[in-house]
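Nothing in this text is a laboratory measurement; each read-out follows from the coordinates by a stated rule. What you are looking at is a predicted structure, and each value in this text was computed from that prediction instead of being measured. Positions of Cβ are backbone-derived with ideal geometry, glycine not excepted, and every protein chain shown enters the neighbour counts.
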Amino acid sequence: MSGTTLQGEPSVETAVVHVVRGEVDQAPPVGHGRGASAFTAPALDLDRLVWSRTEPGPAFDVPSAEIVDLLVETGEALKADREGLLAEALERMVRISPLPAEVLERAYAVLWRSFQRTSLHAQIDHELGGADVLDGWREVRLPEGRIAATRAFPPRLVHIIAGNAPGVAAMSVVRGALTKGVNLLKLPSNDLFTATAILRTMASVAPGHPVARSFSAVYWRGGDETVESVLFRPQFFDKLVAWGGEATIRGALKYVGPGFELVSFDPKTSISVIGREAFASEETLRQAVEEAASDATFFNQQACVASRFQFVEGSEQDADRYAALLCERLGVAREFSSADGPRVAGELREEIDVLRSLAPEYRVWGAYDGRGLVIRSPEPVDFHPDGKIVNVVPVAALTDAVTHAGVATQTVGVYPDTRKPELRDALACAGVQRVVSLGRAGGMPPGLSHDGFYPLQRLMRWVNDE
Amino acid sequence: MASAREQIRSLVRSGDTFDQSAEDMAELQLEAAREAFAAHRERIPLLRTRAEETGVREVTGLDDLVPLLFSHTSYKSYPVSLITAGRWDRLLRWYSTVSVVEPDEVDVDGVRDIDEWTERITAAGHRPYITSGTSGKVSFLNCDGTDLRFLHDILEHLTCWPDPLPPNPVRRGYLLAPASGPMRSIDGFRWHADVFALPGETRLLTEDPMRVSELMSSALLRRRMAEGIATPQEISSFESASGSREEELGAAMARIVDDIAAHRDEPLLIAGMNNQQFTLIQGLRARGVPDGGLHPDTLVLSGGGNKGRALPDDYQQQFAAFYQGVRRVRSYGMTEFQGSCLACEKGNYHVPPWVIPLVLDQAGEKLLNPEHGVVEGRFAFLDVSLEGRWGGLISGDRVFVDFSPCECGRSGPAVLPDIQRFGDLGGDDKITCAATLDSYVRGMIHG
């Protein structure tokens with residue numbers, strides 16, 4: 001073996017920062033990952049990642065009003081980014097994320113929105129019925145006239161967060177803070193920086209604040225049994241809050257048992273249904289296409305709310321008109337997407353090339369350059385459209401589209417709004433969780449359910465005094 | 001003068017297939033690649049599209065081949081609905097875009113299922129070899145008559161290379177496989193039995209043919225589940241059908257174990273995929289057959305991905321220990337190219353001359369082939385011998401290929417023994433909330 005030329009040795013390693021109990025961890029770094037995606041992160045001290053059950057967590061008794069104030073201030077600080085923490089995270093993120101820099105920049109620029117006072121109150125009020133049950137014991141009158149009390153007690157949570165959209169980290173910090181509980185965040189390899197930047201910003205706003213001390217954010221390789229078999233125990237945590245990733249959820253299941261519960265934001269996919277009203281005029285068609293393109297390109301289609309299959313009520317010719325226009329509009333930069341997306345991967349490209357040759361049953365618009373591609377087919381394609389690819393399927397009636405929604409379907413965008421009432425029960429029956437006006441798939445409003453449940457309510461430990 | 005492709009094919013009978021000078025070979029291979037590209041571009045629409053799209057008009061060097069490589073998914077890029085809806089003419093049209101088969105060559109009138117469709121293509125002089133993955137959707141890899149004859153030549157001249165086995169039919173045969181079916185391994189086992197086993201003395205795991213529809217049943221059920229029309233009873237029947245099939249095969253395996261134990265002092269031919277081989281070895285050990293306890297003229301053929309069922313990490317060592325002293329075919333290969341890379345005395349897998357190895361980066365985009373030395377990357381190749389389809393493909397294997405002369409004295413290139421699937425090296429640990437229905441049904445179908 002002379003003259004070995006091993007490929008893929010990293011030239012510059014990225015250093016990942018850990019936050020442990022609100023402070024930047026100073027432990028010596030160890031290496032992770034292979035090749036160009038290699039990085040270093042501080043060695044884990046497992047003892048410091050748990051909070052003893054013999055004492056309450058740091059923020060258990062902090063009034064929610066004070067937490068809301070802290071979050072709002074954190075939001076302001078994120079907006080200003082005076083210490084450049086977000087800028088630093090963004091700069092590192094650009095190197096590892098499949099999302100283009102401009103999309104990440106715009107996503108980082110609006111991270112503060114999750115920390116707005118109105119949205120924090122909306123979550124407390126709609127999901128828990130008010131702050132009283134969070135700050136103390138709410139009196140409940142029982143059927144026999146007895147008085148009991150109930151409290152949303154702070155939980156001990158370990159979060160496995162998704163890395164396909166930076167907002168997930170913000171949402172996880174907000175929810176974790178509002179619970180007053182203790183929170184260990186596991187960083188995903190496609191977002192090693194956002195959560196820690198937010199937590200460091202929080203710590204800079206209020207150094208040593210009990211809420212800041214209630215958070216750690218560290219990396220370990222997902223599924224690493226030497227870490228997970230130790231931490232995922234009811235002695236240390238009440239619930240595992242896991243986002244997406246089939247492997248993650250299946251891996252987590254083996255630890256779930258009495259006293260250690262799984263709260264899963266399941267992996268999902270989303271679709272759109274477009275009524276024949278879209279073809280009433282050139283203007284309505286353009287409007288529908290614009291909204292549909294916006295839904296399809298959310299985070300360049302990396303997010304679960306991004307529409308991938310669009311069912312058009314009309315003839316093949318109608319669907320073709322729609323598809324051609326849609327393809328044009330996919331290649332337009334929007335708040336959460338760029339004009340250019342990732343090039344279509346080789347394997348998908350071949351599947352699409354083959355469909356091209358099956359014309360006229362199949363028709364394809366666009367190229368593989370990442371600016372958007374639309375396939376019109378008699379029924380949904382077998383593969384998963386990804387990276388600004390939309391599959392347009394003509395249907396005789398929108399109710400026919402319902403058969404293509406299932407338990408994995410999260411969001412269904414409908415055009416026009418007036419068609420929602422006729423579809424929403426059937427869609428819900430099929431397993432769908434959100435029915436939205438076309439163009440509204442991105443940015444879930446705070447205070448509503450998520451994946452079929454109210455997260456804040458589900459994260460709390462509900463304790464009674466009877 | 002014979003074409004470059006014919007010259008390369010003829011090396012299989014030359015007696016020094018793997019002893020070619022690297023320089024001469026490189027030149028001949030490039031010429032053969034040009035010929036293959038020119039011939040297949042005319043007949044295979046997918047290759048034509050690819051050539052036009054990437055602007056590759058001719059092959060001037062190996063770099064030109066990289067954009068022309070297909071991925072393994074091309075051979076299963078048909079919509080499953082064509083099968084569930086019985087649109088056999090459409091499926092044939094699909095097949096004609098990825099192979100040299102022309103739609104009007106094959107009569108699909110009255111075809112009732114995917115097995116009949118496969119048989120009709122065979123009847124037209126082609127062999128659509130299938131490979132299956134865990135999704136249940138199978139690939140159809142076309143071979144024509146030339147390809148089949150070439151495969152036969154390989155087994156006759158190169159079995160047990162570097163110490164080829166004379167083609168004498170003297171062994172008691174055991175094929176741990178179905179009686180027939182469009183799988184290259186099944187054909188290969190049978191042909192080996194024809195050449196190396198006593199006539200009429202070959203036992204099969206089952207007399208039933210392997211059915212494509214059965215292999216695809218999980219893909220078809222998956223589709224019905226995705227459509228929300230699969231019933232619990234249907235899912236249950238699927239589970240119990242595979243259960244009782246396993247029981248039958250278990251009983252058949254037990255009979256074979258008994259027979260081998262009784263005849264272990266005679267020369268045997270034992271052919272089977274790794275999973276079956278492993279079960280067999282466990283059975284034989286349980287019957288008290290010791291490691292190295294078989295007749296030295298025994299020929300053992302094994303191989304195949306470890307799909308669906310996990311073998312222990314050390315299964316290769318266990319095979320080597322149990323089969324010590326017998327003749328084993330040790331190779332690295334895949335249905336996607338003809339023959340396989342055969343192990344030399346030093347245990348390195350020599351790439352046959354008709355296969356041009358193209359070591360790519362993990363993304364499968366950049367050619368890393370060095371002049372000399374070892375390079376790590378994704379195994380891709382162009383098999384210039386293939387007539388029935390375009391032989392350029394990117395695999396999922398992470399390999400180390402040595403382009404320097406091997407320690408055995410022959411010039412390379414050789415694939416080193418440390419071969420893994422990129423998928424098995426661990427995912428990339430990226431977590432996203434976007435996924436498909438697959439995540440929801442997989443657990444139910446595959447446990």
With a ≥ b ≥ c from the Cα gyration tensor eigenvalues, square-rooted, and the rule rounded for a/c under 1.5, otherwise prolate when a/b > b/c and oblate otherwise, the stretch A:97-255 is oblate
Please list, short to long, the whole-number percent of alpha-carbon pairs of chain A in consecutive 20 angstrom bins beginning at zero. 23, 52, 24, 2, 0
Using all alpha carbons of the stretch B:30-88, what is the percent of pairwise distances in each 5 Å bin, ordered from the shortest bin to the longest? 4, 17, 23, 20, 13, 9, 7, 5, 2
0 to 90° range, to nearest 10: angle between helix A:420-430 axis and chain A longest Cα axis: 70
Toy charge model, Lys and Arg Cβ at +1, Asp and Glu Cβ at -1: the stretch B:51-164 dipole around Cα centroid in debye, rounded to 20, equals 500
Convex hull around the C-alpha positions of the stretch A:299-377: the volume in Å³ per residue is 91
Return the loop-located trypsin sites (Lys or Arg not before Pro) in the stretch B:40-116 (DSSP other than H, G, I, E, B) with at most 14 other Cβ atoms within 10 Å of their own Cβ; answer none if there are none. B:ARG57, B:ARG112
Exercise: per-residue mean of other protein chain Cβ atoms within 10 Å, A:267-280: 2
With no other cysteine's Cβ closer than 4.7 Å, which Cys residues of chain A count as lacking a disulfide-compatible partner? A:CYS327, A:CYS429
Considering Cα pairs under 8 angstrom that are at least six residues apart, work out the relative contact order of chain A and quote it in whole percent. 17
Return the equivalent ellipsoid semi-axes of the stretch B:242-399 as a descending list in whole Å, where each equals the square root of 5 times an eigenvalue of the C-alpha gyration tensor. 35, 18, 15
Output wanted: per-residue J couplings in Hz (rounded whole) for the stretch B:76-91, from phi through Karplus 6.51 cos²θ - 1.76 cosθ + 1.60, θ = phi - 60°, x for Gly and Pro. 9, 8, 6, x, 4, 4, 4, 7, 5, 8, x, 8, 5, 5, 5, 5
At a threshold of 8 angstrom on Cα-Cα distance, excluding pairs fewer than six apart, so keeping six or more, what relative contact order does the stretch B:105-242 reach in percent? 22
A:GLY130 long-range amide H proximity, modeled H, under 5 Å: A:ASP125
Can you give the angle from 0 to 90° between the axis of helix A:64-80 and the longest principal axis of chain A, with both taken from C-alpha atoms, to the nearest 10? 60
Check cross-link reach from A:LYS186 to the lysines: straight Cα distance under 20 Å, and skip same-chain residues fewer than eight apart. A:LYS239, A:LYS254, B:LYS430
Can you pull out the chymotrypsin sites (Phe, Trp or Tyr not before Pro) in the stretch A:101-164 that DSSP calls coil and that have at most 16 other Cβ atoms within 10 Å? A:TRP137
Would you please report the Å³ per residue occupied by the convex hull of the alpha carbon atoms in the stretch B:117-201? 119
Ignore the peptide's own chain and count Cβ atoms of other chains within 10 Å of each Cβ in A:189-196; give me the average, rounded. 2
For the pair A:VAL30 and B:GLN324, how long in nm is the line joining their label points, each one 7 Å along Cα→Cβ? 3.7
What are the semi-axes of the equivalent ellipsoid for chain B, taken as the square roots of 5 times the Cα gyration tensor eigenvalues, largest first, in whole Å? 32, 31, 22
P(r) tail for the stretch B:205-282, what percent of Cα pairs lie past 22 Å? 42
Mean 1/r over distinct Cα pairs of the stretch A:348-398, inverted to a Kirkwood Rh in Å, yields 11.2
If every alpha-carbon in the protein assembly as shown counts as one equal scatterer, what log10 I(q)/I(0) does Debye give at q = 0.11 1/Å? -1.41
Taking amide H atoms as placed 1.01 Å from N in the peptide plane, list the residues 5 or more away in sequence, or in a different chain, whose amide H sits under 5 Å from that of A:HIS159. A:LEU184, A:LEU185, A:LYS186, A:VAL241
Which of B:HIS192, B:HIS295, B:HIS350 has the fewest other C-beta atoms within 10 Å, and how do the rest follow up to the most? B:HIS295, B:HIS192, B:HIS350
Over the stretch B:1-65, the quotient of the Cα radius of gyration and 2.2 N^0.38 Å is 1.27
Binning at 10 angstrom from zero up to the longest distance, how are the C-alpha pair distances of the stretch A:179-224 distributed in percent? 27, 50, 22, 2
Along the charge dipole of the stretch A:63-103, which of A:LEU78, A:SER64, A:SER97 sits closest to the positive end, that is, farthest toward it, with unit charges on the beta carbon of Lys, Arg, Asp and Glu (+1, +1, -1, -1)? A:SER97
Relative to chain A, whose Cα atoms define the longest principal axis, helix A:167-179 and its Cα axis are tilted in degrees, nearest 10, by 40
Evaluate the relative contact order of the stretch A:222-348 (contact order divided by residue number), counting alpha-carbon pairs under 8 angstrom at least 6 apart; express in whole percent. 20
What Kirkwood hydrodynamic radius, in Å, does the stretch B:1-156 give when the mean of 1/r is taken over all pairs of distinct Cα atoms and then inverted? 17.5
Cα-derived Rg to Rh of the stretch B:80-125, Kirkwood definition: 0.92
Can you give the Kirkwood hydrodynamic radius of the stretch A:233-372 from its Cα pairs, in Å with one decimal? 17.6
In terms of Cα to Cα distance under 23 Å, which lysines are near enough to B:LYS346, apart from those fewer than 8 places away along the same chain? none
Show that you can apply the helix-only estimate: for chain B, add -39,500 (n - 2.57) for every DSSP H stretch of four or more residues, divide by all residues, and state [θ] at 222 nm to the nearest 500. -11500 deg cm²/dmol
Rounding to the nearest 20 debye, state how big the charge dipole of chain B is about its Cα centre with +1 on each Lys and Arg Cβ and -1 on each Asp and Glu Cβ. 900
Based on the alpha carbons, how large is the Rg to Rh ratio for the stretch A:61-110 when Rh follows Kirkwood? 1.13
Considering amide H positions built from the backbone, and no H for Pro or chain starts, which residues 5 or more places from A:VAL395, or on another chain, come under 5 Å of its amide H? A:VAL312, A:GLU313, A:GLY314
Lys, Arg +1 and Asp, Glu -1 on Cβ, resulting dipole of the protein assembly as shown about Cα centre, debye, nearest 20: 1580
Among A:GLY136, A:PRO360, A:PHE453, flag the residue with its Cα farthest along the positive direction of the charge dipole of chain A, charges on Cβ as +1 for Lys/Arg and -1 for Asp/Glu. A:GLY136
Under the Karplus relation 6.51 cos²θ - 1.76 cosθ + 1.60, θ = phi - 60°, what is the ordered set of whole-Hz ³J(HN,Hα) values for the stretch A:51-59, x standing for Gly and Pro? 10, 4, 6, 6, 9, x, x, x, 9
Rounded if a/c is under 1.5, else prolate if a/b is larger than b/c, else oblate: which is the stretch B:110-269, with a ≥ b ≥ c the root eigenvalues of its Cα gyration tensor? oblate
Rg in Å to one decimal, and Dmax rounded to a whole Å, for the stretch A:339-463 via C-alpha atoms: 17.6, 62
Put one equal scatterer on each alpha carbon of the stretch A:1-142, apply the Debye formula with no solvent term, and list log10 I(q)/I(0) at q = 0.09, 0.10, 0.12, 0.18 1/Å to two decimals. -0.48, -0.58, -0.78, -1.23
Through the Karplus equation 6.51 cos²θ - 1.76 cosθ + 1.60, θ set to phi - 60°, convert the phi angles of the stretch A:204-216 into ³J(HN,Hα) values in whole Hz; use x for Gly and Pro. 6, 6, 9, x, x, 4, x, 5, 4, 5, 8, 10, 10
In the stretch A:176-320, if the dipole is taken from +1 on Lys/Arg beta carbons and -1 on Asp/Glu beta carbons about the Cα centre, which of A:VAL230, A:LEU187, A:ILE274 is farthest to the positive end? A:VAL230
